[in-house]
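Notes for the one structure printed next.
The values are calculated or read from the model by the stated rules, or taken from the named source; none is laboratory data. Keep in mind that this is a model prediction, so the values were computed, not measured. Cβ: placed from backbone, ideal geometry, glycine included. Neighbour counts: every protein chain shown.
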Amino acid sequence: MKVVILAGGYGTRISEESHLRPKPMIEIGDRPILWHIMKYYSFYGFNEFIICLGYKGYIIKEFFADYYLHTSDVTFDFTNCNKMTVHNNVSEPWVVTLVDTGLDSMTGGRIKRIQKYIGNERFMLTYGDGVSDIDLKVLEKEHLKSKSALTMTAIQPGGRFGVLDINDKTSRIERFVEKAREDGGWINGGFMVAEPEVFEYIEGDHSIFEQHTLPKLADEGKLNAYKHYGFWQCMDTQRDKGALENYWNSGKAPWKVW
């Protein structure tokens with residue numbers, strides 16, 4: 001099954017980094033978060049990727065074009081016709097298709113543009129800025145069991161701020177309470193499985209997948225939720241990036257299963 005990764009947005013909420021490169025190329029440790037996502041899918045046996053490019057997409061193309069340079073020791077011999085020797089070659093079992101889906105296309109439009117690379121096959125779909133410890137094989141099984149057009153991983157992000165416990169009579173703050181994940185609502189965590197009929201619900205480049213396509217599927221009873229209670233973290237802001245860096249540097253990153 002192919003994995004479609006949305007990697008074309010401007011990443012404006014983390015503009016400190018994204019003004020130089022697309023958000024999926026922002027590094028956690030010494031590798032782009034896009035690489036982390038692909039390694040995770042690869043661990044579960046999903047090795048064919050279609051990456052939807054847009055803003056500064058050439059940087060992602062150059063990363064894969066020079067993948068050996070990024071991951072191996074290299075000797076350049078300028079005395080011998082500029083010969084290059086790659087040592088300890090690090091290869092991946094990947095087939096990667098990089099598709100220019102337009103600079104200003106919305107998420108639905110980007111997905112629609114890669115339809116010809118999917119055909120009539122079921123496919124995985126995710127965003128290029130989030131990691132998780134979700135069991136992708138279980139997700140696939142739950143999708144098949146649901147017989148829906150699309151199964152979305154639902155997560156509870158919880159609150160970033162403590163909750164005030166206020167006495168209604170005196171207006172006194174009696175204590176601070178950490179907001180648990182279970183107290184929050186369920187949101188779209190990405191990591192989706194889709195049937196090819198999903199393309200029929202996307203109109204064009206300006207179609208927003210989350211606002212136009214998913215509600216249509218829900219209205220027709222074709223949208224399934226797979227509730228994930230484990231780790232999930234997106235990288236919307238510098239704070240998010242710092243949290244992911246801390247996980248990685250601790251040697252206990254929940255998504256590091258390879």
Item to complete: Output the number of the condition that GLU121 fails; it satisfies all remaining conditions of (1) more than 30 Å from SER15 (Cβ to Cβ); (2) touching an Asp or Glu at 6+ places or on another chain (Cβ under 7 Å).
Response: (2)
Discussion item. Just to be sure I understand, how many residues within the stretch 195-227 are part of a loop (DSSP other than H, G, I, E, B) and of a type outside the set (A, V, I, L, M)?
Written reply: 9
Worksheet item: What number of residues within the stretch 93-108 are more than 24 Å from SER207 (Cα to Cα) and surrounded by 14 or more Cβ atoms within 10 Å (Cβ to Cβ)?
Response: 2
Worksheet item: Somewhere in the stretch 38-45, is a residue of a type outside the set (Ser, Thr, Tyr) and under 21 Å from ARG110 (Cβ atoms)?
Response: yes
Practice prompt. Give the number of residues within the stretch 10-23 that are surrounded by 21 or more Cβ atoms within 10 Å (Cβ to Cβ) and modelled with pLDDT of 90 or more.
Written response: 2
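Restricting to the stretch 104-135, name every residue that is among the aliphatic types (A, V, I, L, M), assigned to a loop (DSSP other than H, G, I, E, B) and under 21 Å from ALA218 (Cα atoms).
The answer is MET106, and nothing else.
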Worksheet entry | Every pair of residues 6+ apart whose Cβ atoms lie under 8 Å, when the first sits in the stretch 12-31 and is in contact (Cβ under 8 Å) with a residue 60 or more places away in the chain and under 14 Å from ASP240 (Cβ atoms) while the second is among the acidic types (Asp, Glu) and part of a helix (DSSP H, G or I) | ILE14/ASP240; LYS23/GLU17; ILE26/GLU17; ILE28/GLU245
Discussion item. Residue pairs, Cβ under 7 Å, 6 or more apart or interchain, first in the stretch 191-206 and within 27 Å of VAL138 (Cα to Cα) and at pLDDT 95 or above, second surrounded by fewer than 17 Cβ atoms within 10 Å (Cβ to Cβ) and among the polar types (S, T, N, Q). List them.
Written reply: PRO196/ASN120; PHE199/GLN115
Discussion item. Looking only at the stretch 136-181, filter to residues that are over 24 Å from GLU220 (Cα atoms) and surrounded by 15 or more Cβ atoms within 10 Å (Cβ to Cβ); which one of those is modelled with the highest pLDDT?
Written reply: LEU136
Practice prompt. Taking only the stretch 15-30 into account, find how many residues are out of contact with any helix residue (DSSP H, G or I) (no Cβ under 6 Å at 6 or more places or on another chain) and either β-branched (Val, Ile, Thr) or part of a strand (DSSP E or B) (or both).
Written response: 1
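This table checks each residue for (1) of a type outside the set (Gly, Ala, Ser); (2) buried (at least 20 other Cβ atoms within 10 Å of the Cβ).
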position	(1), (2)
HIS36	yes, yes
GLU48	yes, no
GLY57	no, yes
PHE78	yes, no
CYS81	yes, no
VAL86	yes, no
ARG110	yes, yes
Worksheet item: Of all residues in the stretch 112-126, which are buried (at least 19 other Cβ atoms within 10 Å of the Cβ), in contact with a helix residue (DSSP H, G or I) (Cβ under 9 Å, 6 or more places away or on another chain) and of a type outside the set (Val, Ile, Thr)?
Response: LYS112, PHE123, MET124, LEU125
Worksheet item: Regarding ASP129, is this residue within 17 Å of the chain's Cα centre (by Cα) and surrounded by fewer than 20 Cβ atoms within 10 Å (Cβ to Cβ)?
Response: no
